[in-house]
Every structure is written in structure tokens, then in C-alpha cells.
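The values are calculated or read from the model by the stated rules, or taken from the named source; none is laboratory data. Note that the structure is a prediction, hence the values are computed from the model and not measured. Virtual Cβ from ideal backbone geometry, glycine too; neighbours counted across all protein chains shown. We work out accessible area using only protein heavy atoms, side chains counted, and drop any ligands, DNA or RNA first. Shrake-Rupley method; radii C 1.70, N 1.55, O 1.52, S 1.80 Å.
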Amino acid sequence: MQSDSLEIDDAHVLREITGELDAHLKWVAADLGCEITRRGGSIRFVSPDGRHHMAIRLFQQLAELARGGMALHPSDVRDALRILRAEPEAEVASFFRDAVLMDIRKRPIVARTANQRSYLAALRAHDVVFGIGPAGTGKTYLAIATAVAALRKGRARRIVLTRPAVEAGEKLGFLPGDLTQKVDPYLRPLFDALADMMERTELDRMMERGDIEVAPLAFMRGRTLNDAVVILDEAQNTTVEQMKMFLTRLGDKGRMIITGDPSQIDLPDKQRSGLEHALHVLKDVPQIGMVRMTTADVVRHPIVAAILDAYQVDADAARERMHAQTEANRRR
């Protein structure tokens, strides 16, 4: 057996990194398969093969964050461990200090995986960015956080949010109410993210002034979007023509963020996805950023990544069966 200890002489820091009733210690020990115990300000780590070294590094990094005044939640501990698994030498504290903005609970909105960090870097460096990945990877949430930060800092005059309304075939006139009410079912996930970042009174005021605008993709034709951060969500459900139309709306001082998951295409009649086509056509354009995330970047409940992986395994198996059947039919 190998063992090491970490001494923490600050009671506040110790309380933050260990969690209520040492919950953080227990979770990390179970996850890494090592033994972690605390006695006073001394945390002892034991394992048969040295795997506890990652746990020591994790709690050293968490202590650095706590000393800087950050309140640590169980999700922060999970995300910090995820970062270290992907990059064992990563400075976890630097991830959490690089906040896009603070949410309404005064918690920093930050990159919580290496790919998310690359995504934020692309959003800072390019005027057009594609964020690709499965549900729960933060691609839309970080896009909206970036847009809100730009609006507050005066780097953009407005935010425009849009999404293809595939279920209604873009024929929103069949839905009751005004335009905002018509598109609400399709843009609700975007509103939910905004509500996490802005108090309701501020959000209502900005929407009334037109600082934040929501519009179905069908209403984008003919417009030029100047001095705006424009976010196209669920872009996998655009047609090739819609995607080209959208991208050519970019105006002076404008920025565009396109998010989507190519594995969730809902287009009817086997139409080609405008997102897949754009990723192929624009892959060599240096002014455009493209970041791909995987299930390893899922930052929702930990089981979400397992669910997505299980569905992917099933889909891969179905494709293999179809390929085998096609080959068998060809040989007959």
C-alpha cells in the first residue's frame, strides 16, 4: 500500500474542499478507488497502485480555489476531477478563474472541460464559430454566456437568438399568440439559459428595448445583422439553403455562433443537414472556428454521458447490421 497526506491549516479551506460531512472526500475515494480519510486538518490518501496521487493533486487545486474565495459545490469537484483525468498536469484553478460572467447566484460561468476551454478560446478569437457536440456539453450555454458578456461590456449592441422550428415546418402561423409566443416552445432552452444569467427584470427590459431579440430562422431572410451576437441553436435541423441564408446575414461588427448535434437530425424526407454540409464546405476557412465536443464533455448529471454512450453503441450496432445486410443482399 502507498500513502500520502495533505495538511490544511485553514479551517474554512478545509471545510470547502472536504464538503459537508466529508462528502467530497467520500465521492472522490469511491470514484478513484482509493481510501481517503481526514483527521483534524490532515487528509490521508491510500491506494495499492498510486492512483491516490490524482486525488492529492485534485484537493491541492481545490484548496487553491477555496483560498481565493470560491465556494465549492459537489459539481465543481466532479468537474475538476474530469479535467484532471483528461489533462493530469492541468492547472484546474485556472479553468475556474477564467469566468465568462457570473450567473444570478453569483457563481462563475467557466469552461469545465478541456474542449469547453477550446470552445471559449474560439469564441474569443473568431467572428464565426461552430460548436458541435451531444446534449449537455455546454455548447449553447457558453455561447449565450459569451453573448451576454459582450452585451454588458459594450462589445455588441444586441443579441439575436434563433432556432429552426422543424416540428412546425417553419409554419408558425398555426400557433396562437404573437411572434414571441409562437416561437417560445422552440426557443425555451435559450430563455432558460438567459434566466440563469440575468434577473427577470433585466431580461424583460432588454427584450422590450430590442437588446435581446428572438426570431425563428424563417424570419432571417433579407436581414443584415450588424453589431450583434447571433446564435443559431439546433443547427443540425437546418437545410443546406437555410444555413447558407443564415451565414450570409452577418453584418459589420457582427458575430455568429452556430451550435448543433449531427446525431440528432430531425429533418423530414432525408434532407441533408445544413450543419453537416457547412462543416464540410467551410472546414478550410481560417476565419471560422470549429470545436467538437464529445460525451466526455457532458456537464449535466453524470448519468447523461452514460445514456448518450449507450445510445451511440446501439446506433453503431444498427449501422453494422444494416451494412452486413446490404453486403449479404449484394452477394445474392
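Key figures
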quantity	calculated
Filter result (in contact (Cβ under 8 Å) with a residue 60 or more places away in the chain and within 13 Å of Ile132 (Cβ to Cβ)) within region 245-270	Ile257, Ile258, Thr259, Gly260, Asp261, Pro262, Ser263, Gln264
Subset of region 241-290 (residues that are among the aliphatic types (A, V, I, L, M), open to solvent by less than 50 Å² (accessible area, probe 1.4 Å) and closer than 21 Å to Arg221 by Cβ)	Met243, Met245, Leu247, Met256, Ile257, Ile258, Leu267, Leu275, Ala278, Leu282
Those residues of region 119-135 which are open to solvent by less than 10 Å² (accessible area, probe 1.4 Å) and closer than 21 Å to Leu187 by Cα, in sequence order	Val129, Phe130, Gly131, Ile132, Gly133
Residue within region 163-183 that is part of a loop (DSSP other than H, G, I, E, B) and modelled with pLDDT of 90 or more present	no
Residue ranges of strands (runs of 3 or more DSSP E) in region 1-99 with at least 3 members open to solvent by 30 Å² or more (accessible area, probe 1.4 Å) and more than 21 Å from Gly138 (Cβ to Cβ)	2-7, 35-39
Residues of region 65-83 classified as touching a helix residue (DSSP H, G or I) at 6+ places or on another chain (Cβ under 6 Å) and more than 19 Å from Ala23 (Cα to Cα), total	2
Filter result (in a loop (DSSP other than H, G, I, E, B), surrounded by fewer than 20 Cβ atoms within 10 Å (Cβ to Cβ), touching a Gly at 6+ places or on another chain (Cβ under 8 Å) and at negative phi) within region 196-240	Thr224, Asn226
Search result, residues across region 245-266 that are over 27 Å from Thr224 (Cβ atoms) and in a loop (DSSP other than H, G, I, E, B)	Asp261, Ile265, Asp266
Tally, over region 100-117, of residues that are open to solvent by 30 Å² or more (accessible area, probe 1.4 Å) and either modelled with pLDDT of 95 or more or assigned to a strand (DSSP E or B) (or both)	1
Any chance Leu62 is touching a Leu at 6+ places or on another chain (Cβ under 9 Å) and in contact (Cβ under 8 Å) with a residue 24 or more places away in the chain	yes
Residues satisfying the stated conditions in region 291-306, i.e. in a loop (DSSP other than H, G, I, E, B) and open to solvent by less than 60 Å² (accessible area, probe 1.4 Å)	Met293, Val298, Val299
Single residue of Asp316, Asp309 found to be among the acidic types (Asp, Glu), open to solvent by 40 Å² or more (accessible area, probe 1.4 Å) and within 18 Å of the chain's Cα centre (by Cα)	Asp309
Residue tally, condition in a loop (DSSP other than H, G, I, E, B) and under 10 Å from the mean Cα position of the chain (by Cα), over region 118-139	6
